[in-house]
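Student: Below: one structure in structure tokens.
The values are calculated or read from the model by the stated rules, or taken from the named source; none is laboratory data. Just so you know, these numbers come straight off a predicted model, no measurement behind them. For neighbour counting, all protein chains shown are included, and Cβ atoms are generated from backbone atoms with ideal geometry for every residue, glycine included. What goes into the accessible areas is simple: the full protein's heavy atoms, side chains included, and nothing from ligands, DNA or RNA. Shrake-Rupley method; radii C 1.70, N 1.55, O 1.52, S 1.80 Å.
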Amino acid sequence: MIRSILLRRLVSGVITLWLISVVIFAVLHVLPGDPRLIALGDEYTQEQWDAMTREMQLDQSLLAQYASWFKGLVTFDWGNSLMSPYPISELLGSAIYYTALLTLFVMILVIPISTVIGVYSAVHSGRLADSVASFLTLSLAAMPGFAIAVLTIYFLATNVFRIFPGSSIFNPNASVWSQLDLFALPVLASVLGLIPYPVRMVRAAMIEALESDAVMVARLKGLPERTVIFRHALRMCLGPIVQAFGLTLVFLSGGTIIVETVFSYPGVGYELIQGVGRRDFPVIQTLVVILAFFTIVLNLLTDLAVMIVTPRLRTRM
């Protein structure tokens, strides 16, 4: 049964990806402005203009342009950037690597911290600790991402303390692991911006579990409260917790645009903003489809993980 559900999700995901490729291709081609003018600048010859037209395949019909681009997309022949000397695969490969590292560091912090705060708030629901946690998470959730990023720079890089670099400009000739201090503020800003949501979801799921009949029976049996919480209640809300972290991961896969832009962090979000600013259509189109691909895959894996850790769902299937 799980196999058939996964197959349906895969088919749905492939159709969704194709639709996204059509939409992003159409949107970029109806926008005002000619990318040839941006690529060539103010001074160019007719030969250069014709060569750029042929390179961008603008002398062909829209259908032929889409078919050529889509073929290159699925065969990993993504072509060249219009504004950079590097191939798109090399350009985006580096950006994906840096965003993957940022995501890894953020999730390493978000998962344990939000689980501990969410569980503690649920166990002490209505008390001072829960009120303080709710106030802090609500304040962070209400604060725009760029404001959090700017505040981390203000307090930890410039005006108050000067502990970490205010921008994440990596030296390409040095190992990433020798430049870990450049991750500090992007990771901190991402964690502060993201953590309210999993904390609130973990808290809500844990409160529901603590009020369930199964937990009440465990308490009536005289089990220690610690055992009731960690062996029974926490296990019951594993599904919602996994879903919360899965959604956080989905958001991180493409939602770090603001943080990466503020810190000049060379990830996917920063590259997307740069591509939009330069009207680099091949980069934008490819990047949007790649982000959609990761979003669909992460959603699929999250659903699968929720099914695995939730016996009730497995029984229904």
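Student: Being touching a residue at least 12 places away in the same chain (Cβ under 8 Å), open to solvent by less than 50 Å² (accessible area, probe 1.4 Å) and more than 23 Å from the chain's Cα centre (by Cα) is the filter here, so list the residues in segment 2-25 that pass it.
Tutor: Ile5 - this is the single residue of segment 2-25 that is touching a residue at least 12 places away in the same chain (Cβ under 8 Å), open to solvent by less than 50 Å² (accessible area, probe 1.4 Å) and more than 23 Å from the chain's Cα centre (by Cα).
Student: So Leu82 ticks every box in (1) assigned to a helix (DSSP H, G or I); (2) in contact (Cβ under 8 Å) with a residue 40 or more places away in the chain; (3) not basic (Lys, Arg) but one. Which box is left unticked?
Tutor: Condition (1) is where Leu82 drops out.
Student: Right, another one. Give the residues of segment 196-224 that are part of a helix (DSSP H, G or I) and more than 27 Å from Gly246 (Cβ to Cβ), sorted by residue number. Show your work before the answer.
Tutor: Of segment 196-224, the ones part of a helix (DSSP H, G or I) are 196-210, 213-220.
Those that are part of a helix (DSSP H, G or I) and more than 27 Å from Gly246 (Cβ to Cβ): Asp213, Met216, Val217, Ala218, Arg219, Leu220.
Student: May I ask you to say which residue of Leu192, Leu220, Leu210 is at pLDDT 90 or above and more than 29 Å from the chain's Cα centre (by Cα)?
Tutor: Details: Leu192 fails: more than 29 Å from the chain's Cα centre (by Cα); Leu220 fails: at pLDDT 90 or above.
Going through Leu192, Leu220, Leu210 in turn, just one is at pLDDT 90 or above and more than 29 Å from the chain's Cα centre (by Cα): Leu210.
Student: If you check Val199 against the conditions, is it within 15 Å of Thr115 (Cα to Cα), buried (at least 19 other Cβ atoms within 10 Å of the Cβ) and modelled with pLDDT of 90 or more? Steps first, answer last, please.
Tutor: On the way: within 15 Å of Thr115 (Cα to Cα): yes; buried (at least 19 other Cβ atoms within 10 Å of the Cβ): yes; modelled with pLDDT of 90 or more: yes.
The answer is yes for Val199.
Student: Considering only residues that are under 26 Å from Tyr154 (Cβ atoms) and over 17 Å from the mean Cα position of the chain (by Cα), which ones fall in segment 265-280?
Tutor: Gln274, Gly277
Student: Let me ask something else about it. How many of the residues making up segment 262-286 are open to solvent by 50 Å² or more (accessible area, probe 1.4 Å), without any contact (Cβ under 8 Å) to a residue 60 or more places away in the chain and either of a type in the set (A, V, I, L, M) or in contact with a helix residue (DSSP H, G or I) (Cβ under 6 Å, 6 or more places away or on another chain) (or both)?
Tutor: Residues in segment 262-286 being open to solvent by 50 Å² or more (accessible area, probe 1.4 Å), without any contact (Cβ under 8 Å) to a residue 60 or more places away in the chain and either of a type in the set (A, V, I, L, M) or in contact with a helix residue (DSSP H, G or I) (Cβ under 6 Å, 6 or more places away or on another chain) (or both): 2 in total.
Student: Further, regarding this structure: Provide a single number: the residues in segment 1-38 that are assigned to a helix (DSSP H, G or I), aliphatic (A, V, I, L, M) and farther than 18 Å from Gln57 by Cα. Break it down stepwise before answering.
Tutor: Here is the first cut: in segment 1-38, the ones assigned to a helix (DSSP H, G or I) are 2-30, 35-38.
Add one more test, that the residue is aliphatic (A, V, I, L, M), and what stays is 2, 5-7, 10-11, 14-15, 17, 19-20, 22-24, 26-28, 30, 37-38.
Next, from what is left, pick out any that are farther than 18 Å from Gln57 by Cα: 2, 5-7, 10-11, 14-15, 17, 19-20, 23.
Matching residues across segment 1-38 total 12.
Student: What do you reckon, is Ala122 part of a helix (DSSP H, G or I), surrounded by fewer than 18 Cβ atoms within 10 Å (Cβ to Cβ), among the aliphatic types (A, V, I, L, M) and at pLDDT 90 or above?
Tutor: Against the criterion (part of a helix (DSSP H, G or I), surrounded by fewer than 18 Cβ atoms within 10 Å (Cβ to Cβ), among the aliphatic types (A, V, I, L, M) and at pLDDT 90 or above), Ala122 does not qualify.
Student: Same structure, new question: What are the pairs, 6+ residues apart or on separate chains, where a residue within segment 211-226 that is free of Cβ contacts under 8 Å to residues at least 40 places away in the same chain has its Cβ under 8 Å from a residue that is in a helix (DSSP H, G or I) and among the β-branched types (Val, Ile, Thr)?
Tutor: Sorted first by the residue in segment 211-226, then by its partner, the pairs are Val215/Val228; Ala218/Thr227; Ala218/Val228; Arg219/Val228.
Student: Could you please find all residues in segment 202-218 being open to solvent by less than 30 Å² (accessible area, probe 1.4 Å) and in contact with a Pro (Cβ under 8 Å, 6 or more places away or on another chain)?
Tutor: The initial filter retains those residues of segment 202-218 that are open to solvent by less than 30 Å² (accessible area, probe 1.4 Å), namely 202, 205-206, 209-210, 212, 215, 218.
Result: Val202, Ala205.
Student: Can you tell me which residue is modelled with the highest pLDDT among those in segment 146-187 that are open to solvent by 60 Å² or more (accessible area, probe 1.4 Å) and under 21 Å from the mean Cα position of the chain (by Cα)?
Tutor: Start the filter on segment 146-187 by keeping residues that are open to solvent by 60 Å² or more (accessible area, probe 1.4 Å), which leaves 146, 150-151, 154-155, 159-164, 169, 171-173, 175, 177-178, 180-181.
So of that shortlist, the ones also under 21 Å from the mean Cα position of the chain (by Cα) come out as 146, 150, 169, 180.
Details: Phe146: 88, Val150: 93, Ile169: 90, Leu180: 90.
By that ranking, first place goes to Val150.
Student: Check segment 54-76 and report whether any residue there is free of Cβ contacts under 8 Å to residues at least 12 places away in the same chain, touching a helix residue (DSSP H, G or I) at 6+ places or on another chain (Cβ under 9 Å), closer than 23 Å to Val268 by Cβ and surrounded by 14 or more Cβ atoms within 10 Å (Cβ to Cβ).
Tutor: Yes - at least one qualifying residue is present in segment 54-76.
Student: Looking at segment 54-84, which of its residues are of a type in the set (S, T, N, Q) and modelled with pLDDT of 85 or more?
Tutor: Here is the first cut: in segment 54-84, the ones of a type in the set (S, T, N, Q) are 57, 60-61, 65, 68, 75, 80-81, 84.
Across segment 54-84, the qualifying residues are Gln60, Ser61, Gln65, Ser68, Thr75.
Student: Which residue pairs have Cβ atoms closer than 6 Å, lie 6 or more positions apart in sequence or on different chains, and pair a first residue in segment 180-200 that is within 11 Å of Leu102 (Cβ to Cβ) with a second residue that is among the small types (Gly, Ala, Ser) and open to solvent by less than 10 Å² (accessible area, probe 1.4 Å)?
Tutor: Leu182/Ser168; Pro186/Ser168; Ala189/Ala149
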